[in-house]
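To keep things clear, I will list the structure first and then write my remarks on it.
Quick note: the coordinates plus some simple rules give every number you see, no bench work behind them. Given the structure is predicted, the values throughout are model-derived calculations rather than measurements. Positions of Cβ are generated from backbone atoms using ideal geometry, with glycine treated the same way; all protein chains shown enter the neighbour counts.
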Amino acid sequence: MSSKLFHKIITRENDTLDTINGIIGGKKPGALILESGKPGGLRSQLNMNQKTYWIAQNLALNGWKIDTLKHYKGKLLKVVLSLK
């Protein structure tokens, strides 16, 4: 049985795909949990969820696999990814 090193990232308004890839590159996790952060400024929770989903889709195109995707507590989006 292999144990994976999980790393949780809560996305923020100013996060980009490059920012997330930089975090992943420094930690080298075997599995990743992406969670949408709380909105600030003019962003709504829907926009934060869409941004988190967009990041997850791009990671899925580059060596990651989306294992679980669900709305946590009805508002926050939580995506669990693992390496392919």
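What to note about this one:
- Positive minus negative residues near Trp64 (Lys, Arg vs Asp, Glu; Cβ under 14 Å): +4
- Whole-Hz Karplus values for the stretch 50-59 come out as 5, 5, 4, 5, 4, 4, 4, 4, 5, 5 Hz, taken residue by residue from phi with 6.51 cos²θ - 1.76 cosθ + 1.60 and θ = phi - 60°; glycine and proline positions read x.
- Remark: C-alpha extents of the stretch 6-83 on the principal axes read 32, 22, 19 Å, sorted largest to smallest.
- DSSP finds beta bridges in the chain, and of those with both partners inside it, around 70 percent are antiparallel.
- Taking all Cα pairs closer than 8 Å and separated by 6 or more residues, the relative contact order of the stretch 6-83 comes to 33 percent.
- Placing unit charges on the Cβ atoms only, positive for Lys and Arg and negative for Asp and Glu, gives the chain a dipole magnitude near 260 debye about its Cα centre.
- Debye, to nearest 20: dipole size of the stretch 1-50, +1 on Lys, Arg Cβ, -1 on Asp, Glu Cβ: 180 debye
- Amide H contacts of Leu77 (H built 1.01 Å from N, under 5 Å, at least 5 apart or other chain): Ser36, Tyr72
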